[in-house]
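Student: This structure is in structure tokens; I'll ask about it shortly.
The values are calculated or read from the model by the stated rules, or taken from the named source; none is laboratory data. Small disclaimer: the values here were computed from a predicted structure and weren't measured. Quick reminder, even Gly has a Cβ in these numbers, built from the backbone with ideal geometry, and neighbours come from all protein chains shown.
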DNA sequence: ATTGGTGCAAAGGATTTGCAGTCTA
DNA sequence: TAGACTGCAAATCCTTTGCACCAAT
């Protein structure tokens with residue numbers, strides 16, 4: 001089952017079910033972390049997750065956040081999005097989609113596959129297998145006109 | 001002028017001309033670094049450049065390599081390619097193109113725009129301007145079959 | 001009991017920065 | 001000579017690791 005079939009936001013029970021489906025033992029801190037990611041489809045850096053999960057009271061350590069996000073990504077529960085050299089984002093939207101990245105603000109937005117198509121991909125060398133095709137549209141803020 | 005109109009490999013004089021065109025003062029080490037990048041179209045990490053430029057004899061420090069690559073990218077002479085969370089690649093191919101990245105080997109290969117097309121991009125918000133559209137095809141080595 | 005998970009602090013690697021010395025125009 | 005550019009080392013930032021403790025089966 002693809003978790004996108006479920007309803008957002010995921011409740012605590014749904015999150016536990018989700019982890020289990022992906023072969024991840026649902027421990028306290030893993031559920032806490034997943035609970036944040038799956039509140040709604042979003043992109044977060046490890047640091048944002050750390051801050052957010054410990055907002056009410058410190059429950060999860062930095063190392064655990066990194067380990068957990070790494071685990072989630074490895075299991076296919078979330079996706080790493082690499083658009084900024086300074087940090088990795090983790091994406092809880094499991095539907096196929098692409099990204100729009102604002103270089104100035106660091107804001108990352110989904111582009112649904114919708115009618116966006118990539119055509120004419122070259123043949124792959126015979127010794128490799130495709131892992132994914134990603135389209136990244138980079139934008140920056142429109143500069144304020146100095147001379148209108 | 002787009003530097004891709006020139007001939008590869010760029011000779012030392014052509015490199016100096018190139019830097020000048022891009023408003024970059026052609027100092028000794030900048031020319032050395034650019035000389036490597038523009039020997040042929042390629043992707044290199046800062047570390048690779050550092051190693052390569054100092055192959056014959058140490059001429060450039062690590063800090064200068066980073067600063068210089070940053071400057072080149074800022075001036076539009078080369079492009080940053082962000083496909084690996086562990087390092088940034090710098091791309092001396094100025095023609096529009098996309099990338100094929102082998103996660104296992106870390107090898108990065110160009111995909112000429114040729115017949116590859118991206119269609120159906122959504123409209124951009126009014127307050128931003130497009131900086132570039134990039135397609136990244138990620139592949140990994142075909143696993144050795146344990147049970148053929 | 002055994003296995004797996006977590007926290008903490010220390011280690012690591014990539015990149016940046018501060019500052020004094022050096023080069024260029 | 002003034003302004004730019006470099007080198008070096010120290011400083012940062014993000015991320016991973018080592019290891020002892022805790023939790024669940």
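Student: Considering only residues that are within 15 Å of DNA strand D (Cβ to nearest atom) and under 15 Å from the mean Cα position of the chain (by Cα), look in the range A:38-51 and name the one that is farthest from residue A:83 (Cα to Cα).
Tutor: A:50
Student: Report whether or not residue B:68 is at pLDDT below 90 and either within 13 Å of DNA strand D (Cβ to nearest atom) or within 13 Å of chain A (Cβ to nearest Cβ) (or both).
Tutor: no
Student: Then there is this: It is to be established whether one or more residues within the range A:104-111 are assigned to a loop (DSSP other than H, G, I, E, B), over 21 Å from residue B:121 (Cα atoms) and within 16 Å of DNA strand C (Cβ to nearest atom).
Tutor: There is no residue in the range A:104-111 that is assigned to a loop (DSSP other than H, G, I, E, B), over 21 Å from residue B:121 (Cα atoms) and within 16 Å of DNA strand C (Cβ to nearest atom).
Student: Now a separate question. Please enumerate the residues belonging to the range B:26-41 that are in a helix (DSSP H, G or I) and surrounded by fewer than 15 Cβ atoms within 10 Å (Cβ to Cβ).
Tutor: Selection gives B:28 alone.
Student: Checking the condition more than 13 Å from DNA strand D (Cβ to nearest atom), free of Cβ contacts under 8 Å to residues at least 60 places away in the same chain and over 27 Å from residue B:102 (Cβ atoms), which residue from B:28, B:13 passes?
Tutor: Of the residues listed, the single one that is more than 13 Å from DNA strand D (Cβ to nearest atom), free of Cβ contacts under 8 Å to residues at least 60 places away in the same chain and over 27 Å from residue B:102 (Cβ atoms) is B:13.
A quick yes/no check of all residues on (1) touching a residue at least 60 places away in the same chain (Cβ under 8 Å); (2) at negative phi; (3) in a strand (DSSP E or B):
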{"residue": "A:51", "(1), (2), (3)": "no, yes, no"}
{"residue": "A:65", "(1), (2), (3)": "no, yes, no"}
{"residue": "A:68", "(1), (2), (3)": "no, yes, no"}
{"residue": "A:72", "(1), (2), (3)": "no, yes, no"}
{"residue": "A:94", "(1), (2), (3)": "yes, yes, no"}
{"residue": "A:115", "(1), (2), (3)": "no, yes, no"}
{"residue": "A:123", "(1), (2), (3)": "no, yes, no"}
{"residue": "A:131", "(1), (2), (3)": "no, yes, yes"}
{"residue": "A:137", "(1), (2), (3)": "no, yes, yes"}
